């Protein structure tokens with residue numbers, strides 16, 4: 001994320017021509033974005049840093065199954081109670 005913030009900061013400095021940043025090449029301005037792309041698309045997966053997202057998906061799936069099971073039980077309990085009440 002620091003690469004994206006740094007690249008954004010360089011764009012602003014380049015466009016406003018602040019000090020020596022007005023004279024630097026656009027390649028230097030684009031370099032942090034290229035590095036962020038390489039990091040987020042390739043290196044993060046290779047190094048296993050994206051595991052948190054997978055864990056979160058597993059937890060969400062388990063929560064949805066738990067809630068769905070509870071609602072099925074509740075529905076069955078209501079049907080049983082309505083049959084007993086007749």
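The values are calculated or read from the model by the stated rules, or taken from the named source; none is laboratory data. Predicted model only: the values in this text are computed from it and were never measured. Glycine gets a Cβ as well: all are built from the backbone with ideal geometry, and neighbour counts include every protein chain shown.
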Next on the checklist: residue 2 - would you say it is surrounded by fewer than 10 Cβ atoms within 10 Å (Cβ to Cβ) and modelled with pLDDT of 90 or more?
Outcome noted: yes
Checklist outcome for this item: The residue from 65, 77, 41 that alone is modelled with pLDDT of 70 or more and under 30 Å from residue 4 (Cβ atoms) is 41
